[in-house]
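Right, one structure below, let's go through it.
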Ligand code: NAP
């Protein structure tokens, strides 16, 4: 028992999913499902942990690495890993893993749903019925913007971007995309068109962000960018809040520089009820639920367990982020 590795799980996860870890290691777990582990408890647990199974609410940084003398792997329950200082982990030969692919279709479903909800004013419509404000049919009553035959611009045409493009093509949308690297095979396979960032911004009716949050993408959407968008266009962010400058987005929405926004992610999460974005009728806000289906969240948990067990057994994990480091181990 004394020689068993120690794994700390930073949120209450179902025993049925993570029981495999118990066969191999001593497992500690934060006891709440809804609230993140307090920082002091996380740091205390990290001191003795060989592995951490983290959520994106945990900051895994130098301070944490400094106290974690046994740490070999951090398995993050998300495809994004902007909460982890990967460079610092790599210096310390700590493997960082994420959960790509298993959440792709579920997140694409949500992204496209959010686009539909925003364009067709579905939240306002539901509220009108619930609040007894539906008085009669009238020609422009809750008239939104079409989806079909409009142009969708995807900034960040990775796994989820491609899955959204497939859904958009089913709605007869024209799809533009922008990445740092052009993807000729994807263009041929899906019939999507590469565009410069400016062309995409200027021509799209729906601009959907699906890049990771990095030094390069942080603050990518500013007043200048929103000004270049069509006044009838919608901004949809399912990636990470800080990719847009939030105050600039609020300005663009208030000034009518864009028609509306569909947001699953924010600068600070959760956002408060009195947040300026929630005061605007042309905003549809969701509580960061991109990958939140039971099937997918379960698959993500299983993948985190696979990754942890692999590293602790000196095997290559399925989905390491710092791949080079692992190859050198
Ligand atoms: P992915 O397959 O790695 O795709 C990311 C794409 O972004 C790549 O095609 C990449 O292409 C592009 N990109 C990176 N930096 C860029 C830049 N500076 N400018 C333009 N394009 C850039 O990742 P994914 O699985 O599709 O996930 C994408 C992101 O969605 C995640 O990182 C995460 O933050 C977010 N996400 C959110 C939720 C949610 O619950 N809301 C759920 C899942 C994922 P190049 O390298 O060629 O630029």
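Each reported figure results from applying straightforward, stated rules to the coordinates on display, with no laboratory input. Here the structure is a predicted model, which is why all the values come from computation and not from measurement. Methodologically, a virtual Cβ is constructed for each residue, glycine included, from the backbone with ideal geometry; neighbour enumeration extends over all protein chains shown.
The order of 104, 62, going from fewest to most other C-beta atoms within 10 Å of their C-beta, is 62, 104. Using the average count of surrounding beta-carbon atoms within 10 Å as a protection proxy, the listed peptides 152-159, 89-96 rank, highest first, as 152-159, 89-96. Under Stokes-Einstein, with the Kirkwood radius over Cα pairs as Rh, the value for region 81-207 at 25 °C and 0.890 mPa s is 143 µm²/s.
Look at the alpha carbon pairs under 8 Å that are at least 6 residues apart: their mean separation over the length of region 166-221 gives a relative contact order of 27 percent. Report note on the peptides 132-140, 253-261, 53-61: ranked by the mean count of other C-beta atoms within 10 Å, highest first, their order is 53-61, 253-261, 132-140.
Region 253-329 and region 204-243 have Cα centres spaced 17 Å apart. When 81, 171 are arranged by Cβ crowding within 10 Å, least crowded first, meaning fewest neighbours, the order is 171, 81. Each 10 Å bin from zero holds the following percent of Cα-Cα pairs in region 24-81: 21, 60, 18.
In the chain, the inverse of the mean reciprocal separation of distinct Cα atoms equals 21.3 Å; this is its Kirkwood hydrodynamic radius. Using every pair of distinct Cα positions in region 147-220, the Kirkwood expression returns a hydrodynamic radius of 12.2 angstrom. Normalised by the number of residues in the chain, the mean separation of alpha-carbon contacts (under 8 Å, six or more apart) gives a relative contact order of 18 percent. Dividing the radius of gyration of the alpha carbons in region 175-216 by their Kirkwood radius gives 0.97 for Rg/Rh.
Geometric descriptor of region 178-329, per residue, is 159 Å³ (volume of the convex hull of the Cα atoms).
For the pair region 70-86 and region 1-40, the centres of their Cα atoms are 15 angstrom apart.
For 221, 234, the sequence from fewest to most other C-beta atoms within 10 Å is 221, 234.
For region 284-329, the mean projected area of the C-alpha convex hull, equal to one quarter of the hull surface, is 4.4 nm². Short-range pairs are left out: with C-alpha atoms under 8 Å and at least six residues apart, the relative contact order of region 244-284 is 47 percent.
Relative to the dominant Cα principal axis of the chain, helix 39-48 is inclined by about 40°. Volume per residue for region 1-136 equals 160 cubic angstrom (convex hull of Cα atoms).
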